[in-house]
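**Student:** Attaching a single structure in structure tokens format; questions to follow.
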Amino acid sequence: MSMKLAILGLLLERNMHPYEITLVMKERSMDRITKLQMGSLYYAVDKLAQDGYIEALEVIRSSDRPDKTIYAITEQGKALFEQLILQQIKKNEPFYHPMYMALAMSRHIDQNKVEKLLEERLRETEHQVNLAYQVYEEHISIVPRSALHLMYGTYEHTLTELKWLQRLYDDVVARKLKDIGTPLNLEA
């Protein structure tokens, strides 16, 4: 659903060919906010066209490159787009962090290994925080506020992740994962 939503939304902005859609998705870091498998983009475009949600406007032919089909969203596609947006906004699913189960059981393994992996994860998350803020700042003058909320929300979520990881790392370094009866240091 995310891929169809992204394709339809971008075609609302302007008519494009699939490769151009891919470039815009990458430029806007859409792959960092949802699972978008770029390999499935062409399949999704074909399916949307087959179902009448988008239509081919023209084919640009070139002797040295593959043909480029320019697509536009149809009225039926606009209705589907609205339906998909409202479904996603309404959806309230529980959040399952990939680390949660491992964290619950991590006290039973070598803490040096946990510490080393958390160090790497902290460095990567710091990079993600900086990147998320940079993406937000670079797009202030070129995207609507709805996209800015998304970009800044990504920054805030990543910053929260960083704080959580740092608190966890501090406890691993202090070898406190087995402790019982002491609250977390939430000031850190």
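The values are calculated or read from the model by the stated rules, or taken from the named source; none is laboratory data. This one's a predicted model, so the numbers in the text were calculated from it and none came from an experiment. No Cβ is skipped: glycine too gets one built from the backbone with ideal geometry, and neighbour counts run over all protein chains shown. Side chains included, ligands, DNA and RNA excluded: accessible areas come from the protein's heavy atoms. Shrake-Rupley method; radii C 1.70, N 1.55, O 1.52, S 1.80 Å.
**Student:** What is the magnitude of the charge dipole of region 84-161 about its Cα centre, with +1 placed on the Cβ of each Lys and Arg, -1 on the Cβ of each Asp and Glu, and no other charges, expressed in debye to the nearest 20?
**Tutor:** 320 debye
**Student:** Would you give the gap between the C-alpha center of region 1-46 and the C-alpha center of region 52-69, rounded to a whole Å?
**Tutor:** Cα centroid of region 1-46 versus Cα centroid of region 52-69: 16 Å apart.
**Student:** Still on this structure, I have one more. In whole Hz, with x marking every Gly and Pro, tabulate ³J(HN,Hα) for region 28-34 from phi via Karplus 6.51 cos²θ - 1.76 cosθ + 1.60, θ = phi - 60°.
**Tutor:** These are the phi-based 3J(HN,Hα) values: 8, 6, 5, 5, 8, 10, 7 Hz.
**Student:** Largest first, how would SER146, SER63, SER29 line up by accessible area (1.4 Å probe)?
**Tutor:** SER63, SER146, SER29
**Student:** Further question: Per residue, how much accessible surface does region 49-124 expose to a 1.4 Å probe? Answer in Å², no decimals.
**Tutor:** I get 78 Å² per residue for region 49-124.
**Student:** Let me ask something else. How much of the pair distance distribution for the chain lies past 29 Å, counting alpha-carbon pairs only, in percent?
**Tutor:** Tail fraction, whole percent: 42.
**Student:** Just name one of SER106, LEU168, SER29: the one whose Cα is farthest towards the positive end of the charge dipole of the chain (beta-carbon charges, Lys/Arg +1, Asp/Glu -1).
**Tutor:** So the residue we want is SER106.
**Student:** Which Cα, out of TYR136, PRO66, HIS97, lies furthest along the positive dipole direction of region 37-136 (beta carbon charges, K/R +1, D/E -1)?
**Tutor:** Ranked along the dipole, the leading option is HIS97.
**Student:** For TRP164 and VAL143 in one chain, what is 0.36 nm times their gap in residues minus the Cα-Cα distance, to one decimal in nm?
**Tutor:** Gain on stretching TRP164 to VAL143: 4.5 nm.
**Student:** Using a cut-off of 13 Å between beta-carbons, work out the net charge of the residues near SER2 (Lys and Arg +1, Asp and Glu -1, SER2 not included). Please list the in-between numbers first.
**Tutor:** Numbers: positive: LYS4, ARG32, LYS35, LYS91; negative: ASP31.
Net of charged neighbours comes to +3.
**Student:** While we're here: Sum up the lysine pairs in the chain that clear both bars: alpha-carbon distance under 13 Å and a spacing of 8 or more or different chains.
**Tutor:** Lysine pairs satisfying the spacing and distance rule in the chain number 4.
**Student:** Take the Cα radius of gyration of region 43-134 and divide it by 2.2 N^0.38 Å, with N its residue count; two decimals is plenty. The partial results should precede the final answer.
**Tutor:** On the way: Rg = 23.1 Å, N = 92, 2.2 N^0.38 = 12.3 Å.
Output field value: 1.88.
**Student:** In addition: In square angstrom, rounded to the nearest 10, how much accessible surface does ARG65 have for a 1.4 Å probe?
**Tutor:** Rounded to the nearest 10, the figure is 150 Å².
**Student:** Treating only the Cβ atoms of Lys and Arg (+1) and Asp and Glu (-1) as charged, compute the dipole magnitude of the chain about its Cα centre; round to the nearest 20 debye.
**Tutor:** The dipole of the chain has a size of about 400 debye.
**Student:** Leaving out ligands, DNA and RNA, and with a 1.4 Å probe, what % of the accessible surface on the chain is carbon or sulfur?
**Tutor:** Carbon and sulfur: 53 percent of the exposed surface of the chain.
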